[in-house]
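J.: Just passing along the structure, written as structure tokens.
Please treat every number below as a calculation from the coordinates, not as lab data. Quick caveat, the model's predicted, so the values are computed rather than measured. Cβ coordinates were reconstructed from backbone atoms using ideal geometry, including for glycine residues, and neighbour counts include every protein chain displayed.
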Amino acid sequence: MNDNEQRPVTIITGRVWRRKGGRPEGVHIMLTAPDDDSAVRAALNALTSEGYAEAELDQIGDMEGAPDEEPHLSAYQGALEGEVSIVTFDESD
């Protein structure tokens, strides 16, 4: 990949906890990174800065285009702009 090419948006899925032993939330984290290790480090740093005490990350992969619906569409756009976007949801959904 040369410097002019846009990196694909990486998505990381898993669960997060605001406090240890608390109720888990599902999480989708979208960002751009040079490799999976960098993506995981950036995701964990962003979760820590947002006040999450624990995280369990399950899967990582590159997205094949923009999502159709919010809040994932905005998160995807934020990732393209260099942000680490965090979408949480109730795990029972």
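J.: Can you tell me which of 8-20, 59-71, 79-91 comes out highest on packing, and rank the rest after it, using the mean Cβ neighbours within 10 Å?
T.: Packing order, densest peptide first, comes out as 8-20, 79-91, 59-71.
J.: Still on this structure, please answer the following. Can you give the convex hull volume of the alpha carbon atoms of the range 1-89 per residue, in Å³? Don't skip to the end; give the middle numbers.
T.: On the way: hull volume 7.9 nm³, N = 89.
That works out to 89 Å³ per residue.
J.: Please list, in chain and number order, the residues 5+ apart from Val9 or on another chain whose amide H is under 5 Å from its amide H, with Hs placed from the backbone.
T.: Met63
J.: Pairs of alpha-carbon atoms within less than 8 angstrom and 6+ residues apart define the contacts here; what relative contact order does the chain have, in percent? Working shown, then result.
T.: Details: 158 pairs, mean separation 35.4, N = 93.
It comes to 38 percent, rounded to a whole number.
J.: Would you mind checking the tilt of helix 36-49 against the longest principal axis of the Cα atoms of the chain, expressed as 0 to 90 degrees and rounded to 10?
T.: It works out to around 50 degrees.
J.: Apply the Karplus curve 6.51 cos²θ - 1.76 cosθ + 1.60, θ = phi - 60°, to the phi angles in the range 10-24 and return the couplings in whole Hz, x for Gly and Pro.
T.: Calculated HN-Hα couplings, in order: 8, 10, 10, 10, x, 9, 9, 10, 5, 9, 4, x, x, 7, x Hz.
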